[in-house]
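A quick write-up on the structure given underneath.
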Amino acid sequence: MSRILTVAAAQLGPIQKAETRADVVSRMIALMDEAKAKGADFIVYPELALTTFFPRWYHEDRAEADGWFEAAMPNPDVQPLFDKALDYGMGMSFGYAELTPEGRHFNSSIIVDKAGAIVGKYRKIHLPGHVEYDGSRSHQHLEKRYFEPGDLGFPVWRTMGGLIGMCICNDRRWPETYRVMGLQGVEMIVLGFNTPSVNAQKGGEGIAQRLFHHRLSVQAGAYQNSCWVVAVAKAGDEDGNHLMGGTLIVNPDGEIVAELEGEADGIIVVPCDLDATRFGKETIFDFARHRRIEHYGPITAQVGVVEPE
Ligand code: CDV
């Protein structure tokens, strides 16, 4: 048996502060054209795909940052992308900064199905960084200033013939992210990321180690939950701030089956067999037979470390 979902992981190269949504959307459409030519059913773009990675910029007046947010989805700037996806009969997922009608701010992503309907929304739960300006860091990472933690959990949706879930960037480093979706039978997790290629608090940690941690995290998440993981970067130099690449697709054995070279706009396309998730889910990671929840209490009862006496 096989159930193929052909996925395009669509990396965006850098987006400068001065670039408009229209500029970016036309680049996203060019990637979609390429994905269509390569037979993709579903295209995945990065976190905060429509703008530069703005949480690196400090706005003393928090409200000034609202210009980076979308108050509606779709909206006139992104409508051409929705139109093209519908025309192609292609599903898509991308991240954006969401401003709700109540004035709440989230780092969000959506799944749009092949009929053009927004069938899934996820709001980033693990927000890295800090709230106030921090001069001790080599660069700012103000996600905790501009967003509140997601309030929608880690849902999984039945769409495009499979069970698909989302997470965003820093979420990929946390095993809980994958396991909560694994417990819903997830077959494919799609995620976008903006990862600075140096650690703002540890200058010696550069791109090689950051790529290692990235691959380690997504490969482990895929293997331990027997699912596909599609991880898509925004990469390159944004106004003097460098983001690593590392766009890749991992199979349910935890193996990288495709990885994009470089930091420019580009795609990798892989026919992903969703039935290939069955073996792991029915054997070594058959949760119903092997999990021992009586010993997992601290995972939900406790946030920080409690050392033994
Ligand atoms: N956008 C992110 O969540 N970036 C973080 C960085 C700050 C470490 C990441 O986990 O890649």
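The values are calculated or read from the model by the stated rules, or taken from the named source; none is laboratory data. Since the structure is predicted, the reported quantities are computational estimates derived from the model, not experimental observations. Note: ideal-geometry Cβ built from the backbone for every residue, glycine included; neighbour counts use all protein chains shown. Areas reflect the complete protein model, heavy atoms only, side chains present, ligands, DNA and RNA absent. Shrake-Rupley method; radii C 1.70, N 1.55, O 1.52, S 1.80 Å.
Side notes on the structure shown:
- Label-point gap, in nm, between Leu183 and Gln224 - each point 7 angstrom along Cα→Cβ: 1.4 nm
- Mean separation of Cα pairs under 8 Å and 6 or more residues apart, divided by the residue count, gives the chain a relative contact order of 21 percent.
- Of the chymotrypsin sites (Phe, Trp or Tyr not before Pro) found in region 229-303, those in coil by DSSP whose Cβ has at most 16 other Cβ atoms within 10 Å are Tyr296.
- The rule of thumb for compact globular proteins, 2.2 N^0.38 Å, goes into the C-alpha radius of gyration of region 132-209 1.37 times.
- Euclidean distance between Cα centres, region 6-35 to region 157-207, Å: 20 Å
- FRET efficiency, His290 to Glu102 (Cβ-Cβ, R0 41 Å, nearest 0.05): 0.45
- Gain upon complete extension [Ala37, Leu86; 0.36 nm per residue less C-alpha separation]: 16.1 nm
- Global dimensions of region 197-243 from alpha-carbon coordinates: Rg and Dmax equal 13.0, 39 Å.
- D_trans [Stokes-Einstein, Kirkwood Rh over alpha-carbon pairs] for region 192-309, 10 °C, 1.306 mPa s, µm² s⁻¹: 95 µm²/s
- Taking every alpha-carbon pair within region 1-137, the share separated by more than 25 Å comes to 30 percent.
- Ligands, DNA and RNA left out, the 1.4 Å accessible surface of the chain is 55% carbon and sulfur atoms.
- Whole-Hz Karplus values for region 72-86 come out as 8, 9, x, 9, x, 5, 9, 3, x, 5, 4, 5, 5, 4, 5 Hz, taken residue by residue from phi with 6.51 cos²θ - 1.76 cosθ + 1.60 and θ = phi - 60°; glycine and proline positions read x.
- Amide hydrogen proximity for Ile268: with H placed 1.01 Å from N in the peptide plane, the residues at 5 or more positions away or on another chain lying under 5 Å are Ala9, Gln11.
- Restricting region 233-309 to trypsin sites (Lys or Arg not before Pro) that sit in a DSSP loop and have at most 16 other Cβ atoms within 10 Å of their own Cβ leaves Arg291, Arg292.
- Note on region 51-210: Cα-only Rg and Dmax are 16.7, 49 Å.
- Of the GluC sites (Glu not before Pro) in region 175-222, the ones in a loop by DSSP (not H, G, I, E or B) with at most 15 other beta carbons within 10 Å are Glu205.
- Taken along the Cα-to-beta-carbon direction at a fixed 7 Å, the label points for Gln302 and Ser26 span 5.6 nm.
- Positive dipole terminus of the chain, leading residue within Gly39, Trp57, Gln140 (C-beta point charges): Gly39
- Annotation: average projected area of region 102-173 is 6.4 square nanometres, based on the convex hull of Cα atoms across all directions.
- Take the chain with all the other protein chains still there, run a 1.4 Å probe, and you get 43 Å² of accessible area per residue.
- Largest accessible area first, the residues Ser226, Ser217 order themselves as Ser217, Ser226 under a 1.4 Å probe with ligands, DNA and RNA left out.
- Computed on the Cα trace of the chain, the radius of gyration divided by the Kirkwood hydrodynamic radius gives Rg/Rh = 0.95.
- Label-to-label distance, nm, for residues given as Lys17 and Ile207 (7 Å Cα→Cβ offset): 2.3 nm
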